[in-house]
Amino acid sequence: MLLLFLLLGTLSPVSGLQAGGCPNLQHIQGGGTVPDLILSAIDPGEWIEVFNPGVAPYDFDASVGDLCSPFLYALFSSLGPGIVLDPGSYARLPWPVTFPDTETGGQIIIYNVAAGHTQGNIADFVCWGSGDGGRKGQAETVGKWIGDCAPAISPGMTIRRLVGTDGITAASYDTNAPPQNCAEGAGLDYADGFEELVP
């Protein structure tokens, strides 16, 4: 049984952390305007965690965006049906079964518009280990990435975006981060439009 929990965390402006030690990534971004969603953590083969850094709720059912692992795609409307993600909150999405990324290398992109997988529609990008092919050049062209990919993910760990970073270089990510579910903890699985997904 797959459970997807969402958290509306209590922000701590002093530490840059939310309740439970999760990063407050709000309004920290690189390459243009604040995107609707950013990649906050990835456990290849298990889940992808996203964060809403904006000022408006993000409705997964109404979303026209998707996730990409070059050159495979997964619509947000399929990954998170029924979810409305409040600003400053996290969602943990199930790993798209077709995505081939591993701890040794990968590349994940958020596109604002699924119908147009062009560089101008890249909302967020991260690559690690040997995952420096695919769409990295597009991300670099629009300022969503600079330089080498982050190191490979340590066995049994995750890649997590660090507090106070813009997410566009390897230095913005910890590839030795213990698995941490920032999308659970407040028990908001059915309240305020949050849902628990049981396939």
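Quick look at the values:
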| read-out | value |
| --- | --- |
| For segment 26-181, the spread of Cα positions along each principal axis, largest first, Å | 34, 31, 31 |
| Three-way shape label, segment 130-174, alpha-carbon gyration tensor, a/c 1.5 | oblate |
| Contour minus Cα-Cα distance for THR102 and ALA170 (0.36 nm per residue) | 22.8 nm |
| Shape of segment 62-120, Cα gyration tensor, a/c cut at 1.5 | oblate |
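We did not get these values from a lab; they are worked out from the coordinates using the rules stated. Values in this document were obtained by computation on a predicted structure and should not be read as measured data.
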